[in-house]
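Colleague: Sending over a structure as structure tokens; questions will come in a sec.
The values are calculated or read from the model by the stated rules, or taken from the named source; none is laboratory data. The shown structure was predicted, so the numbers you read here are calculated from the model rather than taken from an experiment. So basically every Cβ, Gly included, is an ideal-geometry build from the backbone, and we count neighbours across all protein chains shown. Keep in mind that these areas ignore ligands, DNA and RNA; they rest on the heavy atoms of the full protein, side chains included. Shrake-Rupley method; radii C 1.70, N 1.55, O 1.52, S 1.80 Å.
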Amino acid sequence: MTRQLSSELLKLRTTRAVAGLLLAAAALTLLGACVEGLSPGSAELVTRDIQRSMFSAGVTAVLFSTLAGLLAVTSEFRYGTIRPTLLVQPRRRVVLAAKLAAGALVGVLFAVVCVAVAFVAGRTILAVRGVDVALEGGDLLPLTLGTVLGSLLGGLIGVAVGALIRNQVGAIVAVAAYAFAVDAVLFAAAPAVGRYLPGKAGDGLAGLPDADLLAPGAGAAVMAAWTLAFVVAAVWRNDHTDV
Amino acid sequence: MAAVLSANGLTKRFGDFTAVRDLTFALEPGCVTGFLGPNGAGKTTTLRMLLGLAEPNAGDARVFGRRYADLERPVTRVGAVLEAADLHPGRTGRDHLRVLARAAGLPPERVREVLALVELTGAADRRAEGYSLGMRQRLALAAALLGDPELLVLDEPGNGLDPEGVRWLRAFLRDFAATGGTVLISSHHLAEVAQTVDRVVVIDHGRLVAESSLRELTESASLEDAFLELTAEPGA
């Protein structure tokens with residue numbers, strides 16, 4: 001298992017996909033923090049909720065770690081490298097477990113980088129505009145550790161969904177359509193239901209300021225339950241399908 | 001002692017289509033065996049079942065007396081190449097091998113050794129997207145050799161090789177068998193393996209049509225005639 005994990009991590013370092021996604025996630029986080037921090041007037045920027053929006057820009061990591069997990073698995077099927085992988089380690093659950101662990105680590109890395117970018121950008125914007133930090137003590141945990149946990153779970157979901165769908169283009173289209181359409185539309189139409197979707201549960205976990213979202217603790221539990229469901233389905237498919 | 005590799009009543013169906021039907025054969029150690037049949041005969045499907053990548057609907061596939069997935073450190077017993085194109089185009093040849101060596105718990109020196117063995121050291125740090133088909137074949141062979149296996153299973157390894165590469169591969173496989181290794185090499189192209197193999201297993205439409213020494217098969221006719229006769233459509 002240690003050997004397989006080491007191999008999976010080396011796979012991620014020897015192509016440009018993960019590095020590219022990390023760069024994109026960091027850039028979007030910076031853009032998000034700037035939009036949230038520069039567009040409101042100074043009178044609004046002093047409010048806690050506007051500042052929470054700005055400092056939570058690192059939540060971008062959740063979607064991007066999901067995409068990284070997705071690519072880690074589907075590129076093996078797209079390029080056929082799953083065959084040499086399974087010839088070396090024919091115990092498929094070991095391979096899947098190593099990929100899940102690698103996806104979780106990528107999720108943590110993405111979140112640490114994105115949260116750092118959001119906080120440095122946010123503090124800089126506040127300092128330049130001469131506005132005091134208005135966050136409350138309880139805000140910090142979801143904005144930092146909540147985002148890290150959400151991104152870790154996002155990495156796991158990405159690997160699991162990749163192992164379920166296998167087809168790279170199909171998997172990316174499915175996740176993107178979900179993230180940008182289903183999640184947002186359902187939440188807007190029926191927040192009481194929509195907040196239990198994996199994406200919105202993650203937003204609640206990461207401390208986004210929206211009264212309709214779940215509280216961070218409940219968000220963590222719901223997102224973890226989704227993750228478990230996807231992983232169980234992925235294990236089943238991984239055990240039973242020819243490559 | 002168990003056969004190096006054996007198929008016993010192996011059957012694989014894809015929906016209504018039976019790709020491999022009750023196929024039984026075994027490999028003799030120290031031999032190069034040609035696994036022959038026209039395109040679509042079920043060769044690759046058979047190899048995938050033997051290597052644990054596909055589950056048979058009936059029968060069993062064994063390597064050194066066990067299911068592939070039950071082998072301890074399989075790469076030290078079996079080296080296999082199913083498709084030479086099984087490479088990530090953005091990864092260098094060397095990194096492709098490092099990834100596999102790491103999963104197998106093999107030392108990094110082994111990567112250098114196999115790169116030298118297949119004469120790919122000069123191109124090892126280029127991304128695989130720029131490799132010719134022949135270079136991909138060599139890299140895939142290098143991956144199969146990482147664990148210094150006793151058995152090589154190669155699916156159509158001659159595809160894309162230039163005449164010099166074909167000659168090199170032939171010499172390499174003869175040498176591998178001469179030092180006690182066993183080789184199973186599939187091909188739909190008879191002339192390519194006629195000078196390499198000792199024995200042949202011929203299948204068509206998923207069924208065994210011949211299992212013999214090369215000499216027996218070619219005694220009365222040329223290998224090509226024999227092959228065409230064995231795989232001809234009934235009544236054609």
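Colleague: Select from A:G80, B:L50, A:A201 the residue farthest towards the positive end of the dipole of the protein assembly as shown; place +1 on Cβ of Lys and Arg, -1 on Cβ of Asp and Glu, and compute about the Cα centre.
Modeller: A:A201
Colleague: Treat every Asp and Glu Cβ in chain B as -1 and every Lys and Arg Cβ as +1, leave all other atoms uncharged, and give the resulting dipole magnitude about the Cα centre to the nearest 20 debye.
Modeller: Here chain B has a charge dipole of around 880 debye.
Colleague: Under a straight-distance cross-link criterion of Cα-Cα below 24 Å, which lysines are reachable from A:K99, leaving out those fewer than 8 residues away in the same chain?
Modeller: Qualifying lysines at Cα under 24 Å: A:K11.
Colleague: Suppose every Lys and Arg Cβ carries +1 and every Asp and Glu Cβ carries -1, with no other charges. What dipole size does segment B:145-218 come out with about its Cα centre, to the nearest 20 debye?
Modeller: Approximately 200 debye in magnitude.
Colleague: Also, quick follow-up: Across the Cα atoms of segment A:1-73, what radius of gyration and what greatest pairwise Cα-Cα distance (Dmax) are found, in Å?
Modeller: 17.0, 55
Colleague: How large is Rg/Rh for segment A:2-240, to two decimals, with Cα atoms and a Kirkwood Rh?
Modeller: 1.01
Colleague: Name the shape class, rounded, prolate or oblate, that the alpha-carbon gyration tensor gives for segment A:137-207, where a ≥ b ≥ c are the square roots of its eigenvalues, rounded holds for a/c under 1.5, and otherwise prolate holds if a/b is larger than b/c and oblate otherwise.
Modeller: Oblate is the answer for segment A:137-207, as a/c is 1.5 or above yet b/c matches or exceeds a/b.
Colleague: Principal axis lengths of the protein assembly as shown from Cα atoms, whole Å, largest first?
Modeller: Principal-axis extents of the protein assembly as shown (Cα, largest first): 98, 48, 40 Å.
Colleague: Enter the Cα centre distance for the pair segment B:89-110 and segment A:40-74, rounded to the nearest angstrom.
Modeller: When both Cα centres are located, 37 Å separates them.
Colleague: Short version: ³J(HN,Hα) in whole Hz for each residue of segment A:167-182, in order, from phi by Karplus 6.51 cos²θ - 1.76 cosθ + 1.60 (θ = phi - 60°), x for Gly and Pro, what are they?
Modeller: Couplings: 6, 4, 5, x, 5, 5, 4, 4, 5, 5, 4, 4, 5, 9, 10, 3 Hz.
Colleague: Where Rh is the Kirkwood radius over the Cα pairs of chain B, the temperature 10 °C and the viscosity 1.306 mPa s, what D in µm²/s does Stokes-Einstein return?
Modeller: D = 87 µm²/s.
Colleague: Whole-Hz Karplus ³J(HN,Hα) for segment B:149-157, in order, using 6.51 cos²θ - 1.76 cosθ + 1.60 and θ = phi - 60°, x for Gly and Pro?
Modeller: x, 8, 10, 10, 10, 10, 9, 6, x
Colleague: Something else about it: Of the heavy-atom accessible surface of segment A:1-96 (probe 1.4 angstrom), what whole percent is carbon and sulfur?
Modeller: For segment A:1-96, the apolar C and S fraction of the accessible surface comes to 64 percent.
Colleague: Stick to the Cα atoms of segment B:13-88, pair each with every other, and give me the Kirkwood hydrodynamic radius in Å at one decimal.
Modeller: One decimal place: 13.9 Å for the Kirkwood radius.
Colleague: Apply the Debye scattering formula to segment B:135-220, with a single equal point scatterer on each alpha-carbon and no solvent, then give log10 I(q)/I(0) at q = 0.12 Å⁻¹.
Modeller: Computed log10 I(q)/I(0) values: -0.38.
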